[in-house]
Amino acid sequence: MSVSSLHHHFKAVAAMTPMQYQKQLRLHEARRLMLMERLDVGTTGYRVGYESPSQFSREYHRLYGLSPMRDIAALQTASTARIRRSSH
């Protein structure tokens, strides 16, 4: 299969290019690392393959609508509230 054919078939199935898919996977993994392993933004960006912290933050913001720090803080707050509600 040619590269262009792969690209076309991938986009037909995934509704995004292979590069967009890879970027999304990297950013989902970054979110998981910051939530579960409590890594800082710079370390996380580097761990998932970004050389530039600012590029990582820009792309994260594009996907999730918030900066990495604000997103993680919001997710942690929501999680804490759910735990409190379920324990009552």
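The values are calculated or read from the model by the stated rules, or taken from the named source; none is laboratory data. Since the structure is predicted, the reported quantities are computational estimates derived from the model, not experimental observations. Every residue, glycine among them, receives a Cβ derived from its backbone with ideal geometry; neighbour counts consider all protein chains shown.
Taking the criterion of being modelled with pLDDT of 95 or more and either assigned to a loop (DSSP other than H, G, I, E, B) or on the phi > 0 side of the Ramachandran plot (or both), would at least one residue in the range 41-48 satisfy it? Looking for residues that are modelled with pLDDT of 95 or more and either assigned to a loop (DSSP other than H, G, I, E, B) or on the phi > 0 side of the Ramachandran plot (or both), one finds at least one in the range 41-48, hence yes. Applying the criterion of being hydroxyl-bearing (Ser, Thr, Tyr) and either within 13 Å of the chain's Cα centre (by Cα) or exposed (fewer than 12 other Cβ atoms within 10 Å of the Cβ) (or both) to the residues of the range 1-38, the residue that is farthest from ILE72 (Cα to Cα) is SER2. Going residue by residue through the range 67-79, is there one that turns out to be in a loop (DSSP other than H, G, I, E, B) and touching a helix residue (DSSP H, G or I) at 6+ places or on another chain (Cβ under 8 Å)? Yes, the range 67-79 contains at least one residue that is in a loop (DSSP other than H, G, I, E, B) and touching a helix residue (DSSP H, G or I) at 6+ places or on another chain (Cβ under 8 Å).
Every residue in the range 15-66 that is of a type in the set (D, E, K, R), free of Cβ contacts under 8 Å to residues at least 24 places away in the same chain and closer than 30 Å to SER5 by Cα, please. Please lay out each step first, then the result.
First, pick out the residues of the range 15-66 that are of a type in the set (D, E, K, R): 23, 26, 29, 31-32, 37-38, 40, 47, 51, 58-59, 62.
Subset that is free of Cβ contacts under 8 Å to residues at least 24 places away in the same chain: 29, 32, 37-38, 40, 47, 51, 58, 62.
Listed by number, the residues that qualify are GLU29, ARG62.
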